[in-house]
1. Which condition number does D55 fail, the rest of (1) surrounded by 12 or more Cβ atoms within 10 Å (Cβ to Cβ); (2) farther than 16 Å from W84 by Cβ being met?
2. Residue under question is W94, and the condition is that it be crowded, with 20+ Cβ neighbours inside 10 Å, under 16 Å from A8 (Cα atoms), aromatic (F, W, Y) and touching a helix residue (DSSP H, G or I) at 6+ places or on another chain (Cβ under 7 Å); does it hold?
3. Mind listing just one residue for me: the one in the range 92-124 that is part of a helix (DSSP H, G or I) and among the charged types (D, E, K, R) and, of those, nearest to K71 (Cα to Cα)?
4. Just name the residue that is surrounded by the fewest Cβ atoms within 10 Å (Cβ to Cβ) out of those in the range 97-133 that are closer than 24 Å to A33 by Cα, in contact (Cβ under 8 Å) with a residue 24 or more places away in the chain and among the β-branched types (V, I, T).
5. Go through L16, L24, L68 for me and flag whichever is of a type outside the set (G, A, S) and modelled with pLDDT of 95 or more.
6. Among R29, R88, which is touching a helix residue (DSSP H, G or I) at 6+ places or on another chain (Cβ under 8 Å), assigned to a helix (DSSP H, G or I), more than 25 Å from D124 (Cβ to Cβ) and of a type in the set (D, E, K, R)?
Amino acid sequence: MGVETAAADLAQIEALAQAALRDLPDDVRAIAATVVLRVVDWPDPAMLRGLGIEDPLELTGLYEGIPLTQKSVMDVAQMPDAIWLFRRPILDEWSARGDIALADLVAHVLVHELAHHFGWSDEDIAAIDPWWE
């Protein structure tokens, strides 16, 4: 896929993320299906404050939840684990780079956030996301 030239809307970013999820290995995809995907324009100000981030353009994605490596069967989930993708920061990074397909950047952000869910190392991420090569 070539580098796109038009800004994607929320539905297009979500479609790119869903396509990236479909491309994951079967075992990873099955577990990733338990995580809620949320695509919004901007991170919530409370998210930014909680992370100590002042510029919302610095946050392209966020995992909210308890990593699988830290979960216990005794845990009572208050909210489902979720991955947030932030359209405007993603588009800003994509535009600034100018040399990659938007689909590749969305997939990279998604896999990075899934890494937090799975408790993956950089080597684990590299096995799934060629961005890291």
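The values are calculated or read from the model by the stated rules, or taken from the named source; none is laboratory data. If you're wondering where the values come from, they're calculated on a predicted model, not measured in any experiment. Heads up, the Cβs are rebuilt from the backbone with ideal geometry, glycines too, and the neighbour counts pull from every protein chain shown.
1. So D55 meets the others, but not (1).
2. yes
3. At the first step, the residues of the range 92-124 found to be part of a helix (DSSP H, G or I) are 92-97, 102-118, 122-124.
Cutting the leftovers down to among the charged types (D, E, K, R) gives us 92-93, 97, 104, 113, 122-124.
Details: D92: 34, E93: 33, R97: 37, D104: 30, E113: 17, D122: 21, E123: 22, D124: 19 Å.
Taking the candidates together, the pick is E113.
4. By that ranking, first place goes to I128.
5. After ruling out the rest, the residue left standing is L16.
6. Values: R29 fails: more than 25 Å from D124 (Cβ to Cβ).
Going through R29, R88 in turn, the sole match is R88.
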